[in-house]
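The values are calculated or read from the model by the stated rules, or taken from the named source; none is laboratory data. Everything quoted here is computed from the prediction, not taken from an experiment. Note that we place each Cβ from the backbone using ideal geometry, even for glycine, and neighbour counts take in every protein chain shown.
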Amino acid sequence: MPFPKAVLFDLDGTLLDSAPDMLATVDAMRAARGRGPMDMATLRPVVSKGARAMTAAAFPDVPADERNAWIPEFLDTYHRELGKHCTLFDGIAAMLRALEDAGCAWGIVTNKPEYLARDLMPMLGWEARCAVLIGGDSLPERKPHPLPLLHAADAMGVAASDVVYVGDDERDIQAARAAGMKSVVALWGYRLDNDDPVAWQGTTMVETPIELCTADRWP
């Protein structure tokens with residue numbers, strides 16, 4: 001079985017363990033308000049849910065409208081912490097090399113603002129390797145809408161049906177299904193205790209990135 005013609009990935013929780021950067025961000029915001037550090041175990045499950053979810057986890061006693069007004073502060077603080085603490089998940093580097101060795105192009109479709117995702121690329125050494133990068137504000141729609149995935153496939157010159165999308169959140173799998181792409185549920189990513197990845201109905205589920213170093217693990 002060959003590797004797919006092209007693969008698109010979510011970023012946070014799929015390729016990148018960005019939770020340490022996010023923890024530094026919310027800890028700085030908490031310190032500015034006279035609060036102590038946050039527990040990583042509390043923040044980690046909501047990282048893939050976005051800035052609002054992380055701010056809510058960090059300040060559960062603050063009304064939502066007040067917290068939401070802090071999102072620009074969250075993004076500015078995160079930009080300062082960007083890439084300082086994060087790491088690739090174990091096996092990601094080998095998996096990307098295996099795809100490239102097989103002639104498979106890969107790209108990223110994330111709901112992270114594009115400027116933040118793009119600034120990470122040289123830090124990771126991916127600026128010349130990532131074939132396409134679509135952020136959450138790159139287009140009028142974001143995941144779970146299929147438009148970002150379809151736009152990325154078009155930019156890569158590959159039919160959507162020949163692309164596999166890999167993500168750790170239900171929105172990723174919903175977007176892939178709506179785009180007519182096969183999907184891989186990344187079980188190594190961030191999930192809430194009540195999340196049921198089986199119910200997402202991805203094409204396949206994979207426990208570790210290293211499994212994707214072989215062609216027969218791809219849908």
**OP:** Look through T77, T87, T42, T55 and report the one residue that is closer than 20 Å to D21 by Cα and touching a Ser or Thr at 6+ places or on another chain (Cβ under 6 Å).
**Re:** T77
Subject >> For M156: the one exception among (1) closer than 15 Å to V184 by Cα; (2) of a type outside the set (S, T, N, Q); (3) touching a Gly at 6+ places or on another chain (Cβ under 7 Å) >> reply: (1)
Original post:
For segment 48-94, what are the residues that are under 21 Å from R191 (Cα atoms) and part of a loop (DSSP other than H, G, I, E, B)?
Top reply: G50, F59, P60, H85, C86, F89, D90, G91
Subject >> Residues within segment 161-171 that are surrounded by fewer than 19 Cβ atoms within 10 Å (Cβ to Cβ) and in contact with a Gly (Cβ under 6 Å, 6 or more places away or on another chain), tallied >> reply: 1
Subject >> Restricting segment 104-124 to residues that are in contact with a Phe, Trp or Tyr (Cβ under 9 Å, 6 or more places away or on another chain) and touching a residue at least 60 places away in the same chain (Cβ under 8 Å), the residue that is farthest from W218 (Cα to Cα) >> reply: L120
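Okay, residues lined up against (1) in contact with a Cys (Cβ under 8 Å, 6 or more places away or on another chain); (2) surrounded by 14 or more Cβ atoms within 10 Å (Cβ to Cβ); (3) within 20 Å of G50 (Cβ to Cβ); (4) without any contact (Cβ under 8 Å) to a residue 60 or more places away in the chain:
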| position | (1), (2), (3), (4) |
| --- | --- |
| I173 | no, yes, yes, yes |
| M181 | no, yes, no, no |
| R191 | no, yes, yes, no |
| P197 | no, yes, yes, yes |
| T208 | no, yes, no, no |
**OP:** Sort through T14, T42 and tell me the only one that's under 25 Å from T208 (Cα atoms), at pLDDT 95 or above, in a helix (DSSP H, G or I) and not aliphatic (A, V, I, L, M).
**Re:** T42
Original post:
Quick one: in segment 134-158, which of the residues that are surrounded by fewer than 17 Cβ atoms within 10 Å (Cβ to Cβ) and touching a residue at least 24 places away in the same chain (Cβ under 8 Å) is farthest from G13 (Cα to Cα)?
Top reply: A155
**OP:** Scan segment 36-72 residue by residue and report those that are among the charged types (D, E, K, R) and either in the same structural domain as P144 (by TED's automatic domain parsing) or surrounded by 15 or more Cβ atoms within 10 Å (Cβ to Cβ) (or both).
**Re:** R44, K49, R52, R67
